[in-house]
1. Only one of ALA62, ALA82 is of a type outside the set (D, E, K, R), part of a helix (DSSP H, G or I) and crowded, with 21+ Cβ neighbours inside 10 Å. Can you tell me which?
2. Give the stretch 229-242 a look and list any residue that's out of contact with any helix residue (DSSP H, G or I) (no Cβ under 8 Å at 6 or more places or on another chain) and either part of a strand (DSSP E or B) or touching a residue at least 60 places away in the same chain (Cβ under 8 Å) (or both), or say none.
3. Could you tell me how many of the residues in the stretch 258-308 are under 11 Å from the mean Cα position of the chain (by Cα), farther than 16 Å from ALA240 by Cβ and either β-branched (Val, Ile, Thr) or part of a strand (DSSP E or B) (or both)?
4. Restricting attention to the stretch 260-308, and to residues there that are among the acidic types (Asp, Glu) and touching a strand residue (DSSP E or B) at 6+ places or on another chain (Cβ under 9 Å), which single residue is surrounded by the fewest Cβ atoms within 10 Å (Cβ to Cβ)?
5. Looking at the stretch 32-53, I want the residues that are free of Cβ contacts under 8 Å to residues at least 40 places away in the same chain and have a partner that is of a type in the set (S, T, N, Q) with Cβ atoms under 7 Å, at least 6 apart or on another chain. Which pairs are those?
6. Among (1) part of a helix (DSSP H, G or I); (2) surrounded by fewer than 15 Cβ atoms within 10 Å (Cβ to Cβ); (3) not aromatic (Phe, Trp, Tyr), there is one condition ASP88 misses while meeting the rest; what is its number?
Amino acid sequence: MNYVFIDGKEGTTGLQIYDRLESRSDLSLLLLPEELRKDEKSRKECMNEADVVFLCLPDAAAREAVKLVENPHTKIIDASTAHRTNPDWTYGFPELSREQREEIMRSRLVANPGCHASGFIALVYPLIKEGILPPDYPFVCHSVTGYSGGGKKMIAEYESAERSVALDSPRQYGLTLSHKHIPEMMKVCNLTRKPIFNPIVADFYSGMCGSVPVFVDLMKKKMTGEELRAFYRDYYRESAFVSVTDEPLSYLPANKLAGTNQMQLFVGGNEEEILLCSLFDNLGKGASGAAVQNMNLMLGLPETAYLK
């Protein structure tokens, strides 16, 4: 039996991880009563008893929490931004390569990817790795997310009976173009030029659609949309969760895969410009589902165990 502790269980990500684990017969969750939830001594005891600890905390608190783990056998999965570019931590996106999956399986410290970053990286990483686009390509990414990505405060704001009429329309944010996901997007994809990243939150609970336009004349290896579609299909052929859609779509609803751990890639456009899109659940493959997937790998369990 493996023992699991969620530090920060009351946040959106922590609750989603708990929901995915509470009915599992192959795990035992270590739980603290409400009055001890923030008690450092009690948290430390649970962390060092656990086989796996999920950190669902703000960045600074996550860094401090790592210091509490003294048991060398305790594995840590950090859902915050704190360790995603730290070379001592393994980036938790197993679909990047067979080597990445194996590294996660061997690792004690895994940084769970950011939601927006997951959609961008799934599209861009293979293109850079295989030399289809150069590392200094001027990437632009638009990413639409459901409001659950903003956590409890934003969820309450959107679901309030007295909410502002401004919430009825999509809202762009990250207007300084310095979103916290950009460093991991650059590091993981080995980019030498900072992408322009445009996140947008809209009036639906969960789901995400990231889009990356590509100019064909700037490609190092010229490919048509159909050839790129075949390229992605082959690249992710061993993945249980990332696939390429062939549906003749006129619209891409960002909530299409809500409630699952799936990610679908879409290739559209024309002879001069190609549109690359990733569809997934910001709470699933973009956060808690990905964290559970990483845990399964780290514990030597089937990667898809208890995931939709």
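1. On the way: ALA82 fails: part of a helix (DSSP H, G or I).
Being of a type outside the set (D, E, K, R), part of a helix (DSSP H, G or I) and crowded, with 21+ Cβ neighbours inside 10 Å holds for just one of ALA62, ALA82, which is ALA62.
2. Residues of the stretch 229-242 out of contact with any helix residue (DSSP H, G or I) (no Cβ under 8 Å at 6 or more places or on another chain): 229-230, 233-234, 237, 240.
The one that is out of contact with any helix residue (DSSP H, G or I) (no Cβ under 8 Å at 6 or more places or on another chain) and either part of a strand (DSSP E or B) or touching a residue at least 60 places away in the same chain (Cβ under 8 Å) (or both): ALA240.
3. Going through the stretch 258-308 one residue at a time, the tally reaches 0.
4. Pass one, the stretch 260-308, residues among the acidic types (Asp, Glu): 271-273, 281, 303.
Of the ones still in play, those that are also touching a strand residue (DSSP E or B) at 6+ places or on another chain (Cβ under 9 Å) are 272-273, 281.
Details: GLU272: 8, GLU273: 13, ASP281: 31.
In this case the residue turns out to be GLU272.
5. LEU32/SER42; LEU36/SER42; ASN48/ASN71; ASN48/THR74
6. (1)
Where a number appears in this text, it was derived from the coordinates with a stated rule and is not lab data. Values in this document were obtained by computation on a predicted structure and should not be read as measured data. Reconstructed Cβ throughout: ideal geometry from the backbone, glycine too, with neighbour counts over all protein chains shown.
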